[in-house]
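Nothing in this text is a laboratory measurement; each read-out follows from the coordinates by a stated rule. From a predicted model like this one, the values you see are computed outputs, not experimental measurements. Heads up, the Cβs are rebuilt from the backbone with ideal geometry, glycines too, and the neighbour counts pull from every protein chain shown.
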Amino acid sequence: MTLSQKQIQHLYLRTGFGESPRAVQLRSSLSKRQLVEKLFKDSQSIEAITHVPYPIKNAREVKDVKMLRKILSSKKMVEETNVVWLNRMACTEAQFREKMTFFWHGHFATKIPMAYLMQEQNNTIRTHALGSFRQMLHAVSKDPAMLLFLNNQQNRKQRPNENFAREVMELFTLGEGNGYTENDIKEAGRAFTGWRVNRLGKFEMDHETHDGGLKTIFGRTGNFDGSDVIDMLLEKRQTANYICRKLYRFLISHKENAQFIEQMTDVFYESDYSIEELLRYMLMSDEFFAERNIGVRIASPTELLVRYLRLFKLKFKRDRIIIGAQKALGQVLLLPPNVAGWSEQNDWIDSSSLLYRMRLPLVLFGNFEMILEGKQDPEEPELSKAERALLQWRKPEADWSELFKVDMPNEESALIDQLLGMLIQSRTDSIDRSSLMRSIDGSSRENRIMSLATHIMALPEFQLI
Amino acid sequence: MKTGRRDFLRIGSFATASLMIPQMLTSSKLYDPRKNAKSVVVIQLTGGNDGLNTVVPFRNDIYYRNRPKLAISKNEVLPLDDELGLHPSLSGLQEVFRNGDMSIVNGVGYPEPNRSHFRSMDIWQTASDHDRILGTGWLGRLIDLQSDPAPYNALEIDEALSLALKGERMKGLAFKDPERLYSQLQEPFIQATARSVNHDHVHDEVGYLRKTLAETASSVDYLYERSKVYSSRIDYPQTSLGKGLKTIAELIVAESDTMVYYISHAGFDTHVGQDAKHRKVLGQYDEAVSAFIKDLKKNRKFDDVLILTFSEFGRRVSQNANGGTDHGAASNVFLMGGKLNRPGVFNEMPSLSDLDNGDLRYTVDFRSVYSTILERWLDQPSRDVLGQWFAPLPIV
């Protein structure tokens, strides 16, 4: 079975960050199965991000975790890693792996200013992004950035801290209020006592502060530790259901289809949490490609920015500009707002952010300027004039060749149809074609395509993927 | 929110009507200013303002013992009463206080205080319990309650909109300069797209984006028109807070139909070398607010305005080893306006000896301050905004 152009675009926008019109054309003869298998094949390799080197040179010099925190602290390095990842998303062939790494990054949202540990967590998530959710959950529960972020360092037998135990149930597995009690959290908190980061930034189980006593969790009593709790959570079908709902919203539609999510849950639970099997089931379904589910997701700021970066191979003179754009649009990689991760769909859009999104392509490709900065960082003093000047807009380099290589009609109305078909996934009857017509610079074939494409990307409808 | 617009909106469904508004802009009658409308201006001090060096307990030995290097000396303090005085950079505020236009609420916070800037700011902006994460802000939910809300009902002077002004149904509008905002919409294609006659009634994602765009365009026009009404001649400082408050004053004087104005002033995260930094940022705050109040008074609008100043947390009682202070908990908030019932120092400062992990214990839940503003100033049902009942304070 072959797919329509729109369906192929849909596949790539949802499982990655979009492919060029030319790439879509080249693959139009492949069957659905071939396309889906290619996605997995292209994402087989797992390439870690290694931007931040392990910062401890002399282990003896690091006396304690407090000192470790100091050594690792670098907001600048976190920003650099952010840009490295963003560019990776844009350039890699392993689109599906990076897209799913992005999904799990929002799911296991962590924010600490320690670049090395954030990078390591990102690599851990990337390793399991298409693999086993069971293994990923176990790995994340022992992840240094996570343990520091959710205060498990302070979770000791004498003075338990339930923060991690609570979030594991509330946000990572069962979902808020779904099948656990306050007492389950308290007892699970005891099971995670002693799970901590050592002075070298690695996980360790500290037997002295671990509570080895009996705990009663979900009605069972035993000498449980953290791993036991994770396994108990995975035993509950509710965990599979919670993850499937979230994935449905991420990959298919904000409007949940409970019946289909039940089928997904069966696949996920019965495969012992194989993410690949679940994803393959979703992508091979009619549900995924149904017309009602195409062009209905509001692209998150990351998805929007990477789509531009990928399609036009954008190169910015200064990283600060792309960080500024993330801030202004409301999503900065490696800096989620809180443990619950980013919001979804309509929450991305307010008057200011919509206007910003519409001006973005005009700025990227036209002759407009825009100050790309977001909110003031609470830990920084206000920018001086000189610092502000550093943020000064410089147009990025853009490569239009992928678009120029596609056959396109000269006749303007037909050109509008073709470019709308390539760039807009939603319905297009809301679009005023006469103002598109007026935006065309007809001085050459290239200018015609560039001017029209730029303005199509400035439409509200372009925000929908 | 105002009769003209409400009557107009009754004609059609909400979606259709709001999409038609842009074309109606030529008749400025639509935007009859609200009469005797009250507004609240929120000034957020970002970074965690050191409340103890802002309102100084200058008779308290514990204060001086804990801050051998950082304490404000008795002879530098600007006294408010026998026990408390303001930081020397706040001379303008001392005058406001003496005029009976300021109320200081001490020990404002919440249980189980969070010492992360981001988390604590979210708690303040969403008015959530310390262990709950909410997706909407308290001022956004306030606007949601209004019949026919519009983005310009809640304005923020910033590049991006704070969570505080995001409601479920309606979100506020953020901008730095109404003129620049207006010119952005003048770009021919954006203009054409925003104004294109659209009979799109479909309640889908495209409809949502188009509706937001139409509301944005009408709000931008409205604000631009309002911003032309009055141009302040008061001398404001050339800081971003100064410029922002000037914009706010101009809109208030022009009787913009805006219930909430929001602006932030940053630079309060004083871990290192606090003294000079704190003097600078407090001084900027003092100058800008003084000019703002002067402007409002001159235009007889100060009686219609309530200014709230808060920060996400105070700082530890003890100074640290770097001539600064680290993240703390409860702190003071200021309420200013021409119509205060109970100006002055509202309550006692929390004990400096009975501390919670080195920090002041809160004595007033911050949501009581919010309910004060909602119930007693704006005449709004605070329970619908805050989700629970917090007794308002008899300040306004």
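What's the angle, to the nearest 10 degrees (0 to 90), between helix A:319-329's Cα axis and the longest principal axis of chain A? Helix A:319-329 sits roughly 90 degrees off the main axis of chain A.
Our summary gives chain A a relative contact order of 17 percent, counting only alpha carbon pairs under 8 angstrom and 6 or more residues apart. For chain B, averaging the sequence separation of C-alpha pairs within contact (under 8 Å, six or more residues apart) and dividing by the residue count gives a relative contact order of 28 percent. Database remark: amide H of B:Glu156 closer than 5 angstrom to the amide H of B:Leu173, B:Ala174, B:Phe175, B:Tyr262 (H placed geometrically; neighbours at sequence offset of 5 or more, or on other chains; Pro and chain starts carry no H).
Counting each DSSP H run of 4 or more residues in chain A as -39500 (n - 2.57), what helix-only mean residue ellipticity at 222 nm follows after dividing by all residues, to the nearest 500 deg cm²/dmol?
-15000 deg cm²/dmol
For a 27 Å ceiling on Cα separation, which of these pairs sit above it: A:Lys385/B:Lys166; A:Lys236/B:Lys171; B:Lys166/B:Lys211?
Details: A:Lys385/B:Lys166 30 Å; A:Lys236/B:Lys171 38 Å; B:Lys166/B:Lys211 16 Å.
Where the Cα-Cα span goes over 27 Å, the pairs concerned are A:Lys385/B:Lys166; A:Lys236/B:Lys171.
By DSSP, what percent of the beta bridges with both residues in chain B are antiparallel, rounded to the nearest 5? About 40 percent, rounded to the nearest 5. Please give the charge dipole size of region B:86-190, origin at the Cα centre, charges +1 on K and R Cβ atoms and -1 on D and E Cβ atoms. Round to the nearest 20 debye. Here the size comes out at about 180 debye. The count of lysine pairs in region B:257-340 whose Cα atoms are under 30 Å apart, excluding pairs fewer than 8 places apart on the same chain, comes to 10. When chain B is treated as a GNM with alpha-carbon contacts under 10 Å, the residue of B:Asp275, B:Asp101, B:Asp50 showing the greatest mean-square fluctuation is B:Asp275.
Listed by chain and number, the aspartates and glutamates whose alpha-carbon sits under 20 Å from that of A:Lys32, ignoring those within fewer than 8 places in the same chain, are A:Glu19, A:Asp42, A:Glu93, A:Glu276, A:Glu277, A:Asp286, A:Glu287, A:Glu291.
Against the main long axis of the alpha-carbon atoms of chain A, helix A:275-284 sits at an angle near 30°.
Here are some pairs, A:Lys76/A:Lys315; A:Lys142/A:Lys246; A:Lys111/A:Lys395; A:Lys395/B:Lys246; A:Lys38/A:Lys313; which of them have Cα atoms lying more than 27 Å apart in this structure? Please report the intermediate quantities before stating the final value.
Details: A:Lys76/A:Lys315 20 Å; A:Lys142/A:Lys246 23 Å; A:Lys111/A:Lys395 31 Å; A:Lys395/B:Lys246 32 Å; A:Lys38/A:Lys313 22 Å.
Distance filter (> 27 Å) returns A:Lys111/A:Lys395; A:Lys395/B:Lys246.
Taking 0.36 nm per residue of separation and subtracting the current Cα-Cα distance, fully stretching the chain between A:Asp228 and A:Glu93 would add 44.9 nm. Annotation: amide H of B:Ser311 within the under-5 Å range of B:Leu45, sequence separation 5 or more or interchain, hydrogens built in the peptide plane. Placing +1 on the Cβ of every Lys and Arg and -1 on the Cβ of every Asp and Glu, with nothing else charged, gives the protein assembly as shown a dipole about its Cα centre of roughly 1240 debye. Here the Karplus curve 6.51 cos²θ - 1.76 cosθ + 1.60, taken at θ = phi - 60°, turns the phi angles of region A:433-444 into couplings of 6, 5, 6, 5, 4, 5, 7, 6, 9, x, 5, 7 Hz, with x standing for Gly and Pro.
Mind ranking A:26-33, B:107-114, A:101-108 by how tightly packed they are, going by the mean number of other C-beta atoms within 10 angstrom, highest first?
Details: A:26-33: 13.0, B:107-114: 20.1, A:101-108: 22.1.
Result, highest mean first: A:101-108, B:107-114, A:26-33.
Rounded to the nearest 20 debye, what is the charge dipole size of region B:35-143 about its Cα centre when +1 sits on each Lys and Arg Cβ and -1 on each Asp and Glu Cβ? Please report the intermediate quantities before stating the final value.
Working: 12 positive and 12 negative charges, 46 e Å.
Approximately 220 debye in magnitude.
Sorted fewest first by neighbouring Cβ atoms within 10 angstrom, A:Ser430, B:Ser351 come out as B:Ser351, A:Ser430. Taking chain B as a Gaussian network of alpha-carbon nodes connected by springs under 10 Å, the highest mean-square fluctuation of the residues B:Ala254, B:Ala160, B:Ala194 belongs to B:Ala160.
In what order do A:His207, A:His138 fall by count of nearby beta-carbon atoms within 10 Å, going from fewest to most? Show your work: numbers first, answer last.
Details: A:His207 9, A:His138 17.
Lowest count first: A:His207, A:His138.
Local charge for B:Val289 was computed over the other residues whose Cβ lies under 14 Å away, with Lys and Arg +1 and Asp and Glu -1, and equals -2.
Quick check on region B:166-229: take the gyration tensor over C-alpha atoms, sort the square-rooted eigenvalues as a ≥ b ≥ c, and tell me if it's rounded (a/c under 1.5), prolate or oblate. Intermediate values should be presented prior to the final figure.
Working: a/c = 2.36, a/b = 1.41, b/c = 1.66.
Cα axes put region B:166-229 in the oblate bin.
Classified by the C-alpha gyration tensor, region B:67-221 has a prolate form. Its axis ratio a/c, with a ≥ b ≥ c, is 1.5 or above, and a/b is larger than b/c. For chain A, the spread of Cα positions along the three principal axes, ordered from largest to smallest, is 78, 56, 37 Å. Here the contact order of region A:191-293, divided by its residue count and restricted to Cα pairs under 8 Å and six or more residues apart, works out to 16 percent. Fewest-first ordering of B:Lys176, A:Lys66 by other beta carbons within 10 Å of each residue's beta carbon gives A:Lys66, B:Lys176.
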